[in-house]
Amino acid sequence: MRYALFAEFAPWFLFTPAIVAVTLLLGGGAGMWATLLSTLCAGFVLLDVPPVGILSPTQWAASGIYAATTSGLVGVVVALRQALRDSDAARENLVRAAADAAEREGFLAGVLGSSTDCIKVLDLDGKLTFMSEGGQRVMEVSDFNAISGCPWPDFWAGSGHAEAVAAVQGAREGRSASFVGCASTMMGTPKWWHVAVSPIPGRDAKPQRILSVSRDITALRESEEERDRFVRLAENSTDFIGMAHVDGRVFYMNDAARRLVGLEAADVTTIAIPDFFPPEDAAAVAGEVLPAVQRDGHWAGELRFRHFGTGELIPVLYSVFPVTDPDGRTLGYGTVTRDFRARKRAEDDMRMMNGELAHRLKNVLAVVQSVAHQTLRNAVDIPSASQSLSARLVALGAATDVLTGGSWRSADLRVLAEHALAPHGELGTRILLDGPPVALQPQVAVALALALHELATNAAKYGALSNDSGRVDLSWRVDGTGPVARFKLAWREHGGPQVSEPTRRGFGSTLIDRSLRSYFGGTAATEFHPEGLRFTLEARACDAVLVEENA
């Protein structure tokens, strides 16, 4: 029965399912070994069928067919097994790719949502098709649908509009561009933006859309404007403005600073703080000024700069302070220094003027004292003395007014005469003045003013001004030039009562003759002609006139 069974059903094919299972589980190598073993096993079973140890040709053929077909089956199973494994790997890759894509999409969505840049996608006509969530926040957009499809360049004002139009045109042609412009948010808040525009290519590498990324630089712009204002302020200032490192090396000086110390074209980075001062002041800066700045945060006082070209010492008001970073660390020193030369000259002039004023005041008081003494000594009674003294003091005041206008350095003779004679008659009609511009020295101006007052007073009482028809001619001139020049002044009365020489000389006559002769250093003569009094004065021009002003 055993022989018949195997002979009828080719018993070695009973191993086929096992071989398939081995191949699926263990691979092609294991399947081939299983095929060989099953062939040998089938042969061993057949050897037990009489005649023992003999296989019939049919059996041999069946064994060969079995081995071949089983080997082919093993190959098919191996291919199927690999296909299954590849399928599993592909499915895992797809799952992994989907997960990665979802992760990337979530990441990009998070980036777009959290970015403070305004990221937009435009079509090739420049119309809005997309705006990131972060962009909508920074642009204060509550509903993107309200602006979707709007021309993007229309959001820009001024030159920014032209820049945006050019950027869109460039992106359509495949070029990237950037610009800075001003555009308001949807809530009307004006802001400054730095914009980058670039094409988004399609599969054919041609631009299909346009990417626009706008960054809010309003704070930076304001900071730059503030810095620019400071720079303009520093550059336009007439004060010395400079900055130096902690070690004293200079890294900035404005134009006024360069001009003040003669460094217009020099490389200031090669200069240190001590180089600006003479040795004694440099020692004070190193030993007192900079330590005070570190201790107190500021120092100001008078020092001297050294001119790098001429060596001139320049008085300055030196003010120095620390330059710090946002954390308060000292980065260097800054100074705003003022040129004090003009102030020093003004102080010297003031001291000289005060001294000169004191000297002039003493002289005027001496004249007042002399006038008062002579007036009172020659007075007949108190009322007449008071009247004469008052009139003479008025004349003296007129002279001081003219001198004050010339800072007590000189007095214009014509102006002096007008002040002294105006109260006594009609200037230009009855009192005629004729002479060139002459600047009198201060000491002679007071004496001449008093003398003219006395002459006019006498003319009003007794001479040409005592009636309605008389007149007075006052003339002067300077003859010659240089040290030999002569100053001449003449007073002539016409048309008054007949004149005769007085029997006694009053204070007025004494003042005219003596004081003028004394102050002018020349000759003074009074002549009592019947047709009118004449007074002449002649002196060296250098004793009476400021020659340099008269030349």
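Since every read-out is calculated from the coordinates, none of them should be taken as a lab result. Because the structure is predicted, anything quoted here is derived from the model rather than measured. Glycine gets a Cβ as well: all are built from the backbone with ideal geometry, and neighbour counts include every protein chain shown.
Once the Cα atoms of segment 238-339 are picked out, what are the Rg and Dmax in Å?
12.8, 42
Which distance in nm do the two modelled labels at THR238 and LYS206 give, with both placed 7 Å along the Cα-to-Cβ direction?
Once both label points are built, they end up 6.8 nm from each other.
Suppose R0 equals 30 Å; then what is the FRET efficiency for GLU264 and ARG477 from their Cβ-Cβ distance, rounded to the nearest 0.05? Mind dumping the intermediate values first?
Numbers: r = 53 Å, r/R0 = 1.75.
The computed FRET efficiency comes out at 0.05.
In square nanometres, what is one fourth of the surface area of the convex hull spanned by the alpha carbons of segment 115-222? Let's see the in-between values first.
On the way: hull surface 25.8 nm².
Orientation-averaged projected area of the Cα hull: 6.4 nm².
Sticking with the crude label model, points 7 Å out along Cα→Cβ, report the distance from THR523 to GLU302 in nm, one decimal please.
Placing both labels 7 Å beyond Cα along the Cβ direction yields 5.4 nm.
Of the beta bridges DSSP finds with both residues in segment 238-339, what % are antiparallel, to the nearest 5? If you can, show how the numbers build up before the last one.
Working: 25 of 25 bridges.
Rounded to the nearest five, the antiparallel share is 100 percent.
Between THR218 and ASP255, what's the calculated FRET efficiency when r is the beta-carbon distance and R0 is 25 Å? Round to 0.05.
Numbers: r = 31 Å, r/R0 = 1.26.
According to the calculation, E is roughly 0.20.
For GLU288 and HIS494, calculate 0.36 nm times their separation in residues minus their Cα-Cα distance, and state this gained length in nm to one decimal.
On the way: separation 206, 0.36 × 206 = 74.16 nm, distance 7.92 nm.
Result for the pair: 66.2 nm of gain on full extension.
Post the alpha-carbon centroid distance, segment 220-290 to segment 184-202, in whole angstrom.
Segment 220-290 and segment 184-202 have Cα centres separated by 41 Å.
Can you tell me which aspartates and glutamates have their Cα less than 12 Å from the Cα of LYS206? Leave out same-chain residues fewer than eight positions away.
Excluding near neighbours in sequence, the set is GLU173.
Under 12 Å between alpha carbons, and skipping anything fewer than 8 positions from LYS191 in its own chain: which aspartates and glutamates qualify?
GLU140, ASP216, GLU222
By how many nm would the segment from LYS461 to ALA90 lengthen if fully extended, with 0.36 nm per residue of separation less the alpha-carbon distance? Spell out each step's value before the answer.
Values: separation 371, 0.36 × 371 = 133.56 nm, distance 13.98 nm.
Residue separation times 0.36 nm, minus the Cα-Cα distance, leaves 119.6 nm.
So for the pair LEU25, THR189, with labels modelled 7 Å out along Cα→Cβ, what separation do we get in nm?
7.2 nm
So if R0 is 41 Å, what FRET efficiency would ARG341 and CYS542 give, r being the distance between their Cβ atoms, rounded to the nearest 0.05? If you can, show how the numbers build up before the last one.
Details: r = 34 Å, r/R0 = 0.82.
Once the sixth-power term is evaluated, E becomes 0.75.
Order of 527-533, 483-489, 446-452 by packing, highest average Cβ count within 10 Å first?
On the way: 527-533: 14.6, 483-489: 17.1, 446-452: 25.1.
Ranked from most to least packed, the peptides come out as 446-452, 483-489, 527-533.
So between ASP327 and ARG229, what do we pick up on full extension, going 0.36 nm a residue minus the alpha carbon distance? Present the calculation step by step, with values, prior to reporting the outcome.
Working: separation 98, 0.36 × 98 = 35.28 nm, distance 2.33 nm.
Here the answer is 33.0 nm.
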